[in-house]
Amino acid sequence: MAENDERAWRYEVDEVGPDAEPDVRAIEPGSPDPENVAFFLLGVAAMVGVLALLLF
């Protein structure tokens, strides 16, 4: 397989195995987008409605 072939492996074996160096970048919390909050609340309301229909 050629080095510049697009189907070539992206990672070397020593980068992903048990001997690989860990990636220790910290994950920073962020503020939620209003669109994400709206879909989350829509999902919660839908599940509460489904559970209410099933139980009552």
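The values are calculated or read from the model by the stated rules, or taken from the named source; none is laboratory data. Worth saying up front: this structure is predicted, and the values here are computed from it rather than measured. As a convention, Cβ positions derive from the backbone with ideal geometry for all residues, glycine included, and neighbour counts pool all protein chains shown.
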Ala2 touching a helix residue (DSSP H, G or I) at 6+ places or on another chain (Cβ under 9 Å), at pLDDT below 75 and not hydroxyl-bearing (Ser, Thr, Tyr): no
Search result, residues across the range 5-39 that are modelled with pLDDT of 85 or more and of a type in the set (Asp, Glu): Glu28, Asp33, Glu35
